[in-house]
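Colleague: Right, I'll just put the structure down here and ask away after.
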Amino acid sequence: MKKSAVIGFPISHSLSPILHNFLLKKYQIDGSYEAIPINPENLELEFDYLILKADYQGLNVTIPFKEDIFRLFKERGYQITPKALSVQAINTIYKENDQIIGSNSDIYGFEQNLLINSQNKLKNGSALLIGAGGAASAALFSLSSMFDNIYIMNRTRKKAENLAKSQKSAAKIQIIDDLPLEIAQKLDLIVNSTSIGMKNNDFEHSFDLNQVNNDCFVYDLVYNPLYTELLKKAQETGKPVITGIGMLIYQAFEGFEKWFGVKPNLNPDEIQHLTDLLISQIK
Ligand code: NAP
């Protein structure tokens, strides 16, 4: 039986086992996928056990280990895909031709969710990216090939500057501390990649969404709750919104294909069914 798992700490909240077990059942594959909590002090030891001894096909890596695993791969000279190298984080590990490979499927997940839900309407134009952490890095990689102008706004300006410098981009990237009217009015997309809006997080966004044109898409990577305050406000003013759950779903596909040998291909009804299943499990 082929085995995979997601490692993180804490990990009990992870929806990935439900997602992968849904896919295993759909494709009638004799495989398993579980959530394994790892104490950060034991990360290297546990990684070696799972990948080298316990014969896992591979792993997903989540908070707080994506950057640690990237560093471990660098130290050991394991293969890292170009996308993971660009964002300096690994969330998917698999084996190919006796090689251990680290990749980053958050970029694909972010992009696929955006393209499908915006019906490919977003080309060139201007995007505002709020945040400068790991999720922002994956988002920036993708936005760079879709937009001419990208504005990054983050609580800690320095991190936004570092993020902008960390990737090669054909887009013009500017760091902003607030959202002036002249920028607000030309935005085609706003992406929240911070933890603002998460359940039990009382912080609020500092900009005024009313200044933004009503045809601007608002995409929140937070999916617990599915409709964050930002998305609710956007809906009130008639703006099209994109929830973060699709990113979680689409980022899972690369690992699933590498470990279990089937490329998931879900129709819109199946995506909706899987979304409902995942949402029902959010605590
Ligand atoms: P991270 O690397 O820790 O980055 C956190 C970001 O949030 C930083 O930009 C941080 O700003 C900002 N932030 C945190 N608290 C804030 C506050 N009170 N006020 C203003 N800014 C605040 O985390 P991450 O991995 O990027 O994840 C960020 C969010 O994206 C999480 O909610 C996560 O659930 C979501 N996410 C979703 C998916 C998906 O599949 N949908 C995938 C990955 C992540 P500073 O730089 O100033 O600290």
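Colleague: Considering only residues that are surrounded by 16 or more Cβ atoms within 10 Å (Cβ to Cβ) and either free of Cβ contacts under 8 Å to residues at least 60 places away in the same chain or not in a helix (DSSP H, G or I) (or both), which ones fall in segment 272-283?
Modeller: Selection gives Thr275 alone.
Colleague: Now for a separate question. Return the pairs, sorted by first residue and then second, in which the second residue is within 16 Å of the ligand (Cβ to nearest atom) and modelled with pLDDT under 95, the first residue lies in segment 246-266 and is within 10 Å of Thr92 (Cα to Cα), the beta carbons are less than 6 Å apart, and the residues are 6+ apart or on different chains.
Modeller: Here the result reads none, with nothing in segment 246-266 linked to a residue that is within 16 Å of the ligand (Cβ to nearest atom) and modelled with pLDDT under 95.
Colleague: OK, next. Among the residues of segment 236-261, which ones are in a helix (DSSP H, G or I) and of a type in the set (S, T, N, Q)?
Modeller: The answer is Gln251, and nothing else.
Colleague: A follow-up question, please. Any residue at all in segment 99-120 that's touching a helix residue (DSSP H, G or I) at 6+ places or on another chain (Cβ under 8 Å), surrounded by fewer than 16 Cβ atoms within 10 Å (Cβ to Cβ) and not in a helix (DSSP H, G or I)?
Modeller: No, because not a single residue in segment 99-120 is touching a helix residue (DSSP H, G or I) at 6+ places or on another chain (Cβ under 8 Å), surrounded by fewer than 16 Cβ atoms within 10 Å (Cβ to Cβ) and not in a helix (DSSP H, G or I).
Colleague: Where the second residue is acidic (Asp, Glu) and the first is in a loop (DSSP other than H, G, I, E, B) and lies in segment 175-202, which pairs have Cβ atoms under 6 Å and are six or more apart or on separate chains?
Modeller: Gly197/Glu229
Colleague: Looking only at segment 194-251, filter to residues that are charged (D, E, K, R) and within 9 Å of the ligand (Cβ to nearest atom); which one of those is surrounded by the most Cβ atoms within 10 Å (Cβ to Cβ)?
Modeller: Going through the qualifying residues, I end up with Asp220.
Colleague: Still on this structure, please answer the following. Could you run through segment 138-152 and say how many residues are surrounded by fewer than 24 Cβ atoms within 10 Å (Cβ to Cβ) and within 10 Å of the ligand (Cβ to nearest atom)?
Modeller: Residues flagged as surrounded by fewer than 24 Cβ atoms within 10 Å (Cβ to Cβ) and within 10 Å of the ligand (Cβ to nearest atom) within segment 138-152 amount to 0.
Colleague: Checking the conditions here, which among Ala132, Ala127, Ala170, Ala84 is over 22 Å from Ser16 (Cα atoms), away from the ligand (no atom under 13 Å from the Cβ), in contact (Cβ under 8 Å) with a residue 12 or more places away in the chain and buried (at least 18 other Cβ atoms within 10 Å of the Cβ)?
Modeller: Ala127
Colleague: Counting only residues that are within 11 Å of the ligand (Cβ to nearest atom) and either in contact (Cβ under 8 Å) with a residue 40 or more places away in the chain or in contact with a Gly (Cβ under 8 Å, 6 or more places away or on another chain) (or both), how many does segment 153-167 have?
Modeller: 3
Colleague: Being modelled with pLDDT of 95 or more, out of contact with any helix residue (DSSP H, G or I) (no Cβ under 9 Å at 6 or more places or on another chain) and of a type outside the set (Lys, Arg) is the filter here, so list the residues in segment 157-177 that pass it.
Modeller: Of everything in segment 157-177, those that are modelled with pLDDT of 95 or more, out of contact with any helix residue (DSSP H, G or I) (no Cβ under 9 Å at 6 or more places or on another chain) and of a type outside the set (Lys, Arg) turn out to be Glu161, Asn162.
The values are calculated or read from the model by the stated rules, or taken from the named source; none is laboratory data. What you are looking at is a predicted structure, and each value in this text was computed from that prediction instead of being measured. Cβ: placed from backbone, ideal geometry, glycine included. Neighbour counts: every protein chain shown.
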